[in-house]
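Report on one structure; see the data block that follows.
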Amino acid sequence: MSDQFWEVWPCHLTLGGRLIEIHSGLKPLPKSDRARSVMTAMADFIARSGFKPGDRLPAEREFMEGLAVGRSTVREVIRQLQALGVVESRKGSGTYLLRGVSADTVHMPLSFDSARLRDALLQTLDIRRGLEAEASAIAAVRRSDDDLKEIEVKLEAMEAVHHSEGTAGPQDLAFHLAVYDATHNPLFPQLLEQMREAFESFWEQPFERSDFARRSFPFHRELYDAIAARDAELARRKTLAILDIVEEDIKEMSQ
């Protein structure tokens, strides 16, 4: 397989006349904290291998084999790198580097004291209000028909899991990510990626309650309807209604 950027053999990569050993630069990772480790390893590999903006990166299978991880993990990290504006995936062509990157610049998660979960959740909630309410309003104005369809797909997936299991944390997050994407402002998903770990604490059954924020479920359909109607103010209000319920449950369940 070859093109103007690079050629791949089972263990080697040729870039601009230079031979790079893929598997010597990528080493298997421990099972714990896999996604973050893959993100760091891929960024470090890209930086050390001398890739330049415009270069095509190795195929997914090369990263899978070199890091000893599954395809879903590699694809999730590539999606995060896309959100950060580091790479671009072109259908039928591959993944291309958009700007220089290092392990120090791609992943800066928020930190908080897990022993004080209540305070941490309320702190992230303050940030969510500012970001998500505005993102919903902007999405209502800027969304395309394709964006709306994607939001609907994520909403229906969330509703299906919620009705069958009573909760749908990961699907809920995917719904909000689709709303962020519909803003067509790359800073929204970039900011969310930097805060992903703190936000995901909402979806780990805090306080050992599976019904956490369940009352907010119907408002997601109403938020979708507001975005479909291009009603920015209503979209903002529905987002704040969701987060108000989350705050109420945090305070009630942590007493």
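A few points about this structure:
- If the condition is being of a type outside the set (Gly, Ala, Ser) and in contact (Cβ under 8 Å) with a residue 60 or more places away in the chain, then the range 132-176 contributes 132, 134, 138, 141, 143, 148, 151, 152, 155, 158, 159.
- A count restricted to the range 57-98 and to residues that are closer than 16 Å to residue 40 by Cα and among the basic types (Lys, Arg) stands at 2.
- The residues of the range 177-187 that are assigned to a helix (DSSP H, G or I) and either modelled with pLDDT of 90 or more or more than 11 Å from the chain's Cα centre (by Cα) (or both), listed by number, are 178, 179, 180, 181, 187.
- Within the range 141-178, tally of residues that are open to solvent by less than 60 Å² (accessible area, probe 1.4 Å), more than 18 Å from residue 231 (Cβ to Cβ) and hydroxyl-bearing (Ser, Thr, Tyr): 1
- The combined condition, being touching a strand residue (DSSP E or B) at 6+ places or on another chain (Cβ under 7 Å), open to solvent by 20 Å² or more (accessible area, probe 1.4 Å) and hydrophobic (A, V, I, L, M, F, W, C), is not fulfilled by residue 81.
- Qualifying positions in the range 91-122 - aliphatic (A, V, I, L, M), touching a helix residue (DSSP H, G or I) at 6+ places or on another chain (Cβ under 9 Å), surrounded by fewer than 16 Cβ atoms within 10 Å (Cβ to Cβ) and modelled with pLDDT under 75: 108, 110
- Residue match in the range 170-181 (condition: aromatic (Phe, Trp, Tyr) and within 23 Å of residue 253 (Cβ to Cβ)): yes
A quick yes/no check of all residues on (1) polar (S, T, N, Q); (2) modelled with pLDDT under 80; (3) in contact with a Gly (Cβ under 9 Å, 6 or more places away or on another chain); (4) open to solvent by 50 Å² or more (accessible area, probe 1.4 Å):
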position: 17; (1), (2), (3), (4): no, yes, no, yes
position: 25; (1), (2), (3), (4): no, yes, yes, no
position: 28; (1), (2), (3), (4): no, yes, yes, yes
position: 41; (1), (2), (3), (4): no, no, yes, no
position: 54; (1), (2), (3), (4): no, no, no, no
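- Residue match in the range 216-225 (condition: of a type in the set (A, V, I, L, M), open to solvent by less than 70 Å² (accessible area, probe 1.4 Å), at pLDDT 70 or above and in a helix (DSSP H, G or I)): yes
The values are calculated or read from the model by the stated rules, or taken from the named source; none is laboratory data. Source: prediction; values computed, not measured. Here Cβ is always computed from backbone atoms with ideal geometry, including for glycine, and neighbour counts include all displayed protein chains. Only protein heavy atoms, including side chains, enter the accessible area calculation; ligands, DNA and RNA are left aside. Shrake-Rupley method; radii C 1.70, N 1.55, O 1.52, S 1.80 Å.
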